[in-house]
Amino acid sequence: MSTLGVAAPPRPAGVRLLRRRLLDRVMSALLLIVTVLLLLLLAVIVGYIVVRGASAINFDFFVQLPKPVGAVGGGVANALLGTVELILLASCLGVPIGILGGVYLAEFGDNPVADLVSFMADVLAGIPSIVIGIFAYAVVVIPMHRFSALAGGFALGILMVPIIMRTSVGILRLVPATLREASLALGASERATILRVVLPAATGGIVTGVMLAIARVAGETAPLLFTAFGNEYWQFSVDKATAALPLQIFQYAISPYADWQAKAWAGSLVLIVLVVLTSLMARLATRNASVGLGRQR
Amino acid sequence: MAATTEYGPRGSDVTLTEAARDVLRRAVGSRTGTAGDVGFRVLTLLCALAILAVVLGVAVVLVLQSGLSLHTFGWSFLVNRTWDPVAKKFGALPFIYGSVVTSAVALILATPLGLAVALYLTEAAPRPLRAPLAFGAELLAAIPSVVYGLWGIFVLVPVLRSVVEPALGHVLGFLPVFSGPAYGVGLLAGGCIIAIMIVPTIIAISRDVIAAVPQAQREAAYALGATRWEVISGAVLPFGASGIIGAVVLALGRAIGETMAVTMVIGNNHDISASVFGLGDTLASVIANEFAEAADRLYLSTLVEVGLVLFGVTIILNIIARLLVWRVARGNVGATV
């Protein structure tokens with residue numbers, strides 16, 4: 001008791017205070033320890049990927065086609081191109097719908113339909129991506145009678161919509177009403193006000209949303225398994241099965257060949273560098289726009 | 001509908017704008033502007049409605065495509081434990097069981113972990129450290145599932161096989177849950193990898209919920225002489241309880257839908273094993289593994305029905321979670337607690 005340096009209360013109370021303080025110390029320490037452990041786990045995971053990936057990565061990895069089973073060497077150039085292609089296709093679908101849907105919710109969203117839409121956006125964000133893959137299979141693959149980059153892009157595009165819509169709504173609501181009023185007062189139409197005044201003011205935040213969405217879908221594998229399907233060769237038509245980096249990592253990771261496993265690590269390193277850079281850029285864009293977005297997911 | 005706070009326009013701003021719009025419309029009355037405005041409004045409305053179309057579309061497609069399986073097996077699909085594509089006998093019970101066990105393991109591991117980190121970040125960490133630490137936690141969420149799977153195969157599984165599972169079996173081996181040979185891969189590995197992946201969800205949402213606890217609650221407790229832990233356990237946690245439960249339910253939704261990493265470490269086996277060391281499959285992993293190879297219509301249709309189960313469960317969990325989190329975030333939780 002005396003070590004705590006408190007005024008001397010009646011003895012039982014002092015013992016209780018000691019016990020309360022001890023519990024406080026123990027629990028506070030526990031919170032700190034758990035946090036440190038989690039950060040250590042993160043460091044171990046990222047560190048392991050960096051070390052294993054860096055030792056397997058080389059120039060061929062970026063420019064060569066995959067070699068057949070047994071042959072050492074080769075790369076995943078077609079998968080890198082395929083991932084870029086899929087992201088572009090997905091963006092064509094997800095970006096306009098996400099942003100314009102966000103505009104509706106933020107600017108005209110004072111009605112039950114908008115409430116339902118925003119609720120459904122949350123629901124859509126919670127649907128497992130593999131289920132979206134089945135949807136894309138039924139809607140695109142079955143009618144076309146073959147796997148295709150289009151089907152993969154369609155699935156990824158759907159996954160992008162709720163993320164972009166959510167960030168867009170958040171940022172559009174932060175645009176001051178006075179800006180809109182000033183524009184309207186100058187005689188601008190509602191459309192011109194939104195397109196030329198409100199959206200430009202919100203560009204930073206919207207770009208953030210788009211980049212977060214890209215970072216999220218770039219590593220998606222499950223919805224591509226039976227839409228883009230994968231490919232060992234170059235494929236430049238969007239209506240044919242195409243390779244993608246996450247699919248290639250999956251195939252190599254579960255293979256029994258050391259050379260393929262090494263390529264899976266290299267691919268993982270490329271993928272997380274891509275994803276983390278995109279997330280960081282998104283975060284910096286938000287900081288420069290000096291508007292807090294709040295929670296992203 | 002409880003959705004207004006999340007997306008609805010902030011009342012005062014928009015009523016002003018709406019009023020300004022009406023005045024201007026009456027004053028100017030520009031025809032061309034109005035036609036363009038209506039067109040633009042309709043365009044944005046259509047984009048918003050696309051969300052509804054997709055969710056409804058997914059539901060309709062899943063029901064239609066699984067029609068053959070629904071018709072052939074009916075409700076027994078959910079309780080039948082045979083999965084034999086050759087004999088054309090299909091029951092989803094092993095996968096439902098696998099999803100339940102892996103999710104349970106994941107929640108048992110991730111909930112205390114995530115909650116502790118969220119509490120440290122909001123209540124105890126030095127202020128300059130809070131943002132970077134939170135970013136570190138979010139980084140865990142940014143790593144793609146397939147990369148977790150790779151890490152799981154080559155790091156987690158060997159550790160489980162050579163250290164964790166023998167130790168658990170040695171100490172608690174008399175329980176059926178911890179009995180049997182240590183393969184490394186299996187339900188426990190699946191649960192562990194999911195736990196790592198849902199921790200960021202629990203942290204992020206618990207942080208929001210805890211941040212929504214009014215500062216006055218904390219100050220009142222401190223003023224009464226409470227220690228920091230007493231403030232957390234007596235003021236912060238009770239106030240945020242329903243929101244934290246919401247965070248856990250949302251994490252459960254993610255756990256059940258998690259596909260790639262689980263597929264890679266769970267062992268892909270159609271048996272029901274009482275032990276967490278046993279091999280298994282989840283609803284999501286069986287689709288990932290077998291969908292592209294399902295040749296005949298009945299097989300494919302059963303896999304779509306597995307997807308339908310997954311869809312139904314995650315939607316229900318998400319709705320429950322949102323309602324729980326909203327109650328706190330909207331600030332009227334004080335009235336009900």
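The values are calculated or read from the model by the stated rules, or taken from the named source; none is laboratory data. In this text, all values refer to a predicted model and were calculated from it rather than measured experimentally. With ideal geometry, Cβ positions are generated from the backbone for all residues, glycine too; neighbour counts draw on all protein chains shown.
Structural remarks
- Qualifying residue in the stretch B:286-309 (condition: of a type in the set (G, A, S), closer than 24 Å to A:S148 by Cα and not in a helix (DSSP H, G or I)): yes
- Qualifying residue in the stretch A:67-79 (condition: farther than 29 Å from A:A151 by Cα, buried (at least 20 other Cβ atoms within 10 Å of the Cβ) and more than 7 Å from chain B (Cβ to nearest Cβ)): no
- Of all residues in the stretch A:129-147, those being more than 7 Å from chain B (Cβ to nearest Cβ) and without any contact (Cβ under 8 Å) to a residue 60 or more places away in the chain number 3.
- Scope the stretch A:234-253; condition among the hydrophobic types (A, V, I, L, M, F, W, C), touching a strand residue (DSSP E or B) at 6+ places or on another chain (Cβ under 8 Å) and not in a loop (DSSP other than H, G, I, E, B); matching residues: A:L247
- Qualifying position, being within 24 Å of B:R254 (Cα to Cα), assigned by TED's automatic domain parsing to the domain that holds A:V161 and either at pLDDT 90 or above or of a type in the set (D, E, K, R) (or both), among A:V139, A:V131, A:V76, A:V84: A:V131
- Count of residues meeting criterion [more than 10 Å from chain B (Cβ to nearest Cβ) and over 15 Å from A:T83 (Cβ atoms)] in the stretch A:216-241: 5
- Some residue of the stretch B:89-107 being of a type in the set (A, V, I, L, M, F, W, C) and more than 26 Å from the chain's Cα centre (by Cα): yes
- Qualifying residue in the stretch B:228-246 (condition: in contact with a Gly (Cβ under 7 Å, 6 or more places away or on another chain), free of Cβ contacts under 8 Å to residues at least 60 places away in the same chain and surrounded by fewer than 21 Cβ atoms within 10 Å (Cβ to Cβ)): no
- Considered as a group, the residues in the stretch A:108-128 that are part of a helix (DSSP H, G or I), within 7 Å of chain B (Cβ to nearest Cβ) and in contact (Cβ under 8 Å) with a residue 12 or more places away in the chain include one that is farthest from the chain's Cα centre (by Cα), and that residue is A:V117.
- If the condition is being outside any helix (DSSP H, G or I) and either of a type outside the set (K, R) or within 16 Å of B:L52 (Cβ to Cβ) (or both), then the stretch A:66-107 contributes A:P66, A:P68, A:V69, A:G70, A:A71, A:V72, A:G73, A:G74, A:G75, A:V76.
- Every condition in (1) within 7 Å of chain B (Cβ to nearest Cβ); (2) touching an Asp or Glu at 6+ places or on another chain (Cβ under 9 Å); (3) hydrophobic (A, V, I, L, M, F, W, C) holds for A:L172 except the one numbered (1).
- Residue within the stretch B:166-187 that is in contact with a strand residue (DSSP E or B) (Cβ under 7 Å, 6 or more places away or on another chain), part of a loop (DSSP other than H, G, I, E, B), within 14 Å of chain A (Cβ to nearest Cβ) and not acidic (D, E) present: yes
- Tally of residues being within 21 Å of A:A218 (Cβ to Cβ) and at pLDDT below 80 across the stretch A:274-294: 5
Table: residues versus (1) closer than 30 Å to A:L39 by Cβ; (2) surrounded by fewer than 17 Cβ atoms within 10 Å (Cβ to Cβ).
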residue	(1), (2)
B:W83	no, no
B:V86	no, yes
B:V100	no, yes
B:L107	yes, no
